[in-house]
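To start, the structure itself, in structure tokens.
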Amino acid sequence: MFITALCACARLGFVRSFRRLLLAILAAFVALFLFLASCGDDAADRPAKATTPALPFPPTAFEPATSRGGGPTPEGRVVRIGGRPEGVAIDPATGTLAVALGADGTELGLFDAQSLQLRSKVRLPAGARHVSFGAGRFLVPMEDADQLAQVAPSGGEAELTDVGDGPHDATAADGQLFVGDEFGGTVSVLRDGKLRTTMPVDVQPGGIVDVGDGKVAIISVRAYTVELLDTQTLRTSGSQNAGYGPSHAVATTDGRVLVADTRGGAVLVYETRPRLKFIQRLATGGSPYGLAIDQRRNRLWVTDSGADRVLEVDTAGELREVAEYPTVRQPNSVAVDERSGAAVVVGQAGGELQRIGD
């Protein structure tokens, strides 16, 4: 229709007038654009441009930053345990601290959380990177064995259960265990030590935590999302963005999910009741990685593995950083002794445990 009209204009001898009209309209639009762009051009009137990390393509999970070393003397008390330990959890009832030990992580060391003295060791069939505590036992996913180990605080032989591909993290909720199978893109659900079912979730579930109210939050470290799984129906709700490269998560007693955006240098906060909703971003800088929550004192501990530091954050209301402490090298993991409020940091590079506070 446009071409037909143009031909008609040509036949009537109006081509030149038509061109002049088009050029005038175009010039008006350019002038308007330049005018709007120049408004408030004074640098003092413009907010500073936010810097964001470059995202890889295709998307990949973000590993902990490598320690630069050479920092100040670590805060508190430090005990050398050897190897390259990673993953830590504390039983609040007995004060037993569990750490994946050795260069290959095929032992779980059980320590006194107060004295940091070794009590016993439990042999594992494969290495472990993460340790959590739930349902009265230490939960130890073993990626290379595709198994979950459950270890009693008193020690003894580990109870093993086959799960999905590359189990990375685990949590207990409503009489069941939920294991994030990072390389399978699934969550394995266990009851009474047996695999009940396996549910598909977003790509590479790397962090998983009970948020209460019949929900488990799942952090997908390659899809960069957080989603909720109903513990009874085993259905997931719609997922939401979780920053530029999330890794781990913890939850508060009021149902908030706190996510370490490791690539984005922040802790993200989401409500889960009555639905999943983003509510805050606390910029930490660096590379936040390990998280531990102290429910009794409303405190969150956040390790920065590249800068050898740990942050103490107030979680009563909006998150607010209250202190920073130098740590042992490569602090990938942290736990809280809720009896005293002390934090225990694991230094992977030097094979050390560090206790901050008493």
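Among the residues of segment 68-84, write down those that are of a type outside the set (Lys, Arg) and modelled with pLDDT of 95 or more.
Within segment 68-84, Pro72, Thr73, Pro74, Glu75, Gly76, Val78, Val79, Ile81 meet the criteria.
Inspect segment 258-277 for any residue being under 26 Å from Val79 (Cα atoms), in a loop (DSSP other than H, G, I, E, B), touching a strand residue (DSSP E or B) at 6+ places or on another chain (Cβ under 8 Å) and touching a residue at least 12 places away in the same chain (Cβ under 8 Å) and give the result as yes or no.
Taking every residue of segment 258-277 in turn, none turns out to be under 26 Å from Val79 (Cα atoms), in a loop (DSSP other than H, G, I, E, B), touching a strand residue (DSSP E or B) at 6+ places or on another chain (Cβ under 8 Å) and touching a residue at least 12 places away in the same chain (Cβ under 8 Å).
May I ask you to say which residue of Gly286, Gly350, Gly306 is on the phi > 0 side of the Ramachandran plot, of a type outside the set (Val, Ile, Thr) and either in contact (Cβ under 8 Å) with a residue 40 or more places away in the chain or surrounded by fewer than 22 Cβ atoms within 10 Å (Cβ to Cβ) (or both)?
The match here is Gly286.
Of all residues in segment 183-210, how many are polar (S, T, N, Q) and closer than 16 Å to Thr60 by Cβ?
1
So which pairs qualify, if the first residue must be in segment 160-178 and more than 20 Å from Gln204 (Cβ to Cβ), the second must be surrounded by 24 or more Cβ atoms within 10 Å (Cβ to Cβ) and of a type outside the set (D, E, K, R), the Cβ gap must be under 6 Å, and the two must be at least 6 apart or on different chains?
Leu160/Ala149; Thr161/Leu148; Ala173/Val216
What do you reckon, is Leu97 at pLDDT 95 or above, surrounded by fewer than 23 Cβ atoms within 10 Å (Cβ to Cβ) and either within 21 Å of Pro331 (Cβ to Cβ) or touching a helix residue (DSSP H, G or I) at 6+ places or on another chain (Cβ under 8 Å) (or both)?
Against the criterion (at pLDDT 95 or above, surrounded by fewer than 23 Cβ atoms within 10 Å (Cβ to Cβ) and either within 21 Å of Pro331 (Cβ to Cβ) or touching a helix residue (DSSP H, G or I) at 6+ places or on another chain (Cβ under 8 Å) (or both)), Leu97 does not qualify.
Counting residues that are on the phi < 0 side of the Ramachandran plot, modelled with pLDDT of 95 or more and crowded, with 19+ Cβ neighbours inside 10 Å, which strands (runs of 3 or more DSSP E) fully inside segment 139-192 reach at least 2?
Result: 147-151, 167-173, 176-181, 186-191.
Search segment 242-269 for residues being farther than 22 Å from Arg129 by Cα and polar (S, T, N, Q), and hand back the single one that is surrounded by the fewest Cβ atoms within 10 Å (Cβ to Cβ).
Top of the filtered list is Thr253.
The values are calculated or read from the model by the stated rules, or taken from the named source; none is laboratory data. Note that the coordinates shown come from a computational prediction; the quantities given were computed from them, not determined experimentally. Note that each Cβ is placed from the backbone with ideal geometry, even for glycine, and that neighbours are counted across all protein chains shown.
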